[in-house]
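Read-outs: derived from the displayed coordinates by stated rules, not from any lab. Because the structure is predicted, anything quoted here is derived from the model rather than measured. Every residue, glycine as well, gets a Cβ built from its backbone with ideal geometry; the counts of neighbours run over all protein chains shown.
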Amino acid sequence: MKHHLSRKLQTPVLIIIMIDDQDNFLGKSLQQFQRFVRQAGPAAAASYTLLAAIILLGGVGYIIDQYFDSSPTGLLIGLGLGLVIGFYELAKSVFKK
Amino acid sequence: MIAGGEKAPGSSVMDQVGDNIIHHVSNSDIHHPIVHLPHLFGIDMSVTKHVLMLWIVAVIVSAAVIIPIRKFLRRGDGVPTGMANAIESVVKFIRDSIVEPNVGSKWVNTWTPLILTFFFFILFANGIGMVPIFDVLGAFNRFVLGVPYADQDNFINHLLHGGVTATGNFNVTAALATITFFTIIVAGTKAHGFIQHWKNLVPHGLAWPVYIILIPIEIMGLFVKPFALTMRLAANMTGGHIALLALLSLMAIFAEMFHSAVAGIGVAFLSVPMAAAIAGLEIIVVMVQAYVFTLLTAVFVGMSINVHH
């Protein structure tokens, strides 16, 4: 009987602890998420810049080729320049002091 | 798409599907605008569908943000409830997790309002693209009011050309990215002064031949950043809608290919759930793209304030 009572008393306590743990879990998860967001910013910027540099400069090269009928020289130079600029921006974020 | 579909005589479904999809995701023709307006400084100021959407989004954002905040301020008890509570949590998240770590505590209050404006505007513009307002209006116009699609004087028929995601238009995202471009320059100038900001573009103390290479690279890099913002947002918003419409078009394509409505209905059991799944994914994309634009703007502004070479 005593054992039964103590179990009865323990149950709500356990539930409260579980809810508390769950809140902690959610809180910790959100904190982790915020930390990842902070860390992901420069990496996302570098990756998008790398891609955009290649597309933009490649596109400019292609338009120059169309205008001066110099295909594929302009496109190749544009893509090369895009790679250089993209990797330069990537290096800036990777080797940031 | 269904309500706006126009069957040219003698053409097959396959011929029409591509045009229909492009019509849906692109802006309406400037020569057939929704509202005719005069030219100003040589620019046709007529309202096309995406311009109308921009206005609608501007009104909705203003109403959804300003009204709850004014109410909260008028109450003056310092405890936000309802919508003001939701806005506060978003504002706090963006200020503390996105803006402050990038621009620093000194400039956080200067640049948070602009970055928040970007976030709310893009979020609402992306989100409204998922609401089939004009498709429902078109269906109502056609099946309830009985207006034929060919009636080009009808106002709703004018609305049916093009999609409703204004951020799927490269001109809109380019305009937003242009604001970011000038923000980067203004932020750097405010933090370091005009001359020093431009000097900060390249690392100090290098041999002069290196600068011959570095300065053009940095100048081109200046334009690449807003271009990255422009392409990513518009391409993501357009791509999802194209995928959605392509899946739904399979029903018409299969029905025509096998000359049977049963084939079309059969494919619907596959294409409709897949379209629903893509629509679910699009809802995530709507939020992620608004968030990424905000994050990248904060990072780029932060790079011009906190210079590291």
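Residue by residue along B:204-217, Cβ atoms of other protein chains within 10 Å of the local Cβ number 1 on average.
Taking 7 Å steps out from each Cα toward its Cβ at B:VAL202 and A:ALA40 produces label points 3.6 nm apart.
For the pair B:MET130 and B:ASN306 in one chain, pulling the backbone fully straight at 0.36 nm per residue adds 59.6 nm over the alpha carbon distance.
The packing ranking of peptides A:48-57, B:260-269, highest mean first, is A:48-57, B:260-269, where packing means the average number of other beta carbon atoms within 10 angstrom of each residue.
The three principal axes of the C-alpha atoms in the stretch A:39-97 carry coordinate ranges of 45, 15, 10 Å, sorted with the longest axis first. Partner shielding of A:83-90 amounts to 4, given as the average count of beta-carbon atoms from other chains within 10 Å of each residue beta-carbon.
Where Rh denotes the Kirkwood radius from the mean inverse Cα pair distance, what is Rg over Rh for chain B?
Dividing the radius of gyration by the Kirkwood radius yields 1.06.
Report summary: the helix-based calculation at 222 nm, which adds -39500 (n - 2.57) for every DSSP H run with n ≥ 4 and divides by the residues of the protein assembly as shown, gives -26000 deg cm²/dmol.
In terms of packing, defined here as the mean over residues of other Cβ atoms within 10 angstrom, the peptides B:139-152, B:178-191 line up highest first as B:178-191, B:139-152.
Where in the stretch B:126-150 is the amide nitrogen less than 14 Å from a point lying 7 Å along the Cα-to-Cβ axis of B:ASP19? The answer is B:150, whose backbone nitrogens lie closer than 14 Å to the label point.
Would you mind giving the mean number of other chain beta-carbons within 10 Å of the Cβ of each residue in B:231-244, as a whole number?
Per residue, the average neighbour count from other chains is 1.
Given Cα pairs under 8 Å that are at least 6 residues apart, what percent is the relative contact order of the stretch B:13-305?
Details: 310 pairs, mean separation 77.1, N = 293.
Once divided by the residue count of the stretch B:13-305, the mean separation gives 26 percent.
Two tests apply to each whole DSSP H helix in chain B, Cα reach of 20 Å or more along its axis and mean Kyte-Doolittle hydropathy of at least 0.0, and the ones passing both are B:49-75, B:108-128, B:170-192, B:208-257, B:261-305. Counting lysine pairs in the protein assembly as shown whose alpha carbons fall under 23 angstrom apart, excluding pairs fewer than 8 residues apart on the same chain, gives 20. Using the average count of surrounding beta-carbon atoms within 10 Å as a protection proxy, the listed peptides A:70-81, B:35-46, B:289-300 rank, highest first, as B:289-300, A:70-81, B:35-46.
Label positions at B:PHE182 and B:ALA150, each projected 7 Å from the Cα along the C-beta direction, are separated by 4.8 nm.
The stretch between B:PHE194 and B:THR110 holds 28.5 nm of extra length on full extension. This uses 0.36 nm per residue minus the Cα-Cα distance.
With all pairs of separate Cα atoms included, the protein assembly as shown yields a Kirkwood hydrodynamic radius of 25.0 Å.
For the stretch B:122-238, the percent of C-alpha pairs falling in each 10 Å distance bin, counted from 0 to the bin holding the largest distance, reads 12, 26, 22, 17, 11, 8, 4, 1.
By the count of other C-beta atoms within 10 Å, a proxy for reagent exposure, B:TRP208, B:TRP198, B:TRP111, B:TRP55 are ordered fewest to most as B:TRP208, B:TRP55, B:TRP198, B:TRP111.
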